[in-house]
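Report on the following structure.
The values are calculated or read from the model by the stated rules, or taken from the named source; none is laboratory data. As the structure is a prediction and not an experimental result, all values here were calculated from the model. Because the Cβ atoms are built from the backbone with ideal geometry, glycine has one as well, and the counts that use them run over all protein chains shown.
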């Protein structure tokens, strides 16, 4: 017999998620971008501009279509930044393509924020006896 606190938990969780469904993106068109905070990446001062990677001719329409879709859905915007990183398409299991940006060179020239991480064993121990995560 389940504990009384667990009875109807699924129903309560479903009701909660339904009540707040406007907070979740159920497709890429609902993603958008956050306009509340202006993000700034601190760099070492080295300009990072890479030439684009070659894209197979048969994938160019896919790139164009995904860029147009992201522009339309306000996920990206046109930029005149002197920085530039190449894009590539990675094939997913369902044969669709994932649009990726190779930021490795930019990451190499990014000033690291050094914050100590909590000890994992202390974090796991703090969950002892917890029922919900």
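Return a yes/no flag: does segment 26-45 have any residue that is in contact with a helix residue (DSSP H, G or I) (Cβ under 6 Å, 6 or more places away or on another chain) and part of a loop (DSSP other than H, G, I, E, B). No - not one qualifying residue is present in segment 26-45. Check segment 32-42 and report whether any residue there is closer than 30 Å to residue 113 by Cβ and touching a residue at least 60 places away in the same chain (Cβ under 8 Å). Taking every residue of segment 32-42 in turn, at least one turns out to be closer than 30 Å to residue 113 by Cβ and touching a residue at least 60 places away in the same chain (Cβ under 8 Å). Within segment 26-47, the only residue that satisfies the criterion of being at pLDDT below 85 and farther than 23 Å from residue 78 by Cα is 26. A single entry from 88, 13 fulfils the requirement of being in a strand (DSSP E or B), without any contact (Cβ under 8 Å) to a residue 60 or more places away in the chain and surrounded by 10 or more Cβ atoms within 10 Å (Cβ to Cβ): 88. Of all residues in segment 102-126, which are surrounded by 10 or more Cβ atoms within 10 Å (Cβ to Cβ) and outside any helix (DSSP H, G or I)? Correct list: 102, 103, 109, 110, 111.
Does residue 59 satisfy the criteria of being out of contact with any strand residue (DSSP E or B) (no Cβ under 7 Å at 6 or more places or on another chain), in a helix (DSSP H, G or I) and surrounded by 10 or more Cβ atoms within 10 Å (Cβ to Cβ)? It is false that residue 59 is out of contact with any strand residue (DSSP E or B) (no Cβ under 7 Å at 6 or more places or on another chain), in a helix (DSSP H, G or I) and surrounded by 10 or more Cβ atoms within 10 Å (Cβ to Cβ).
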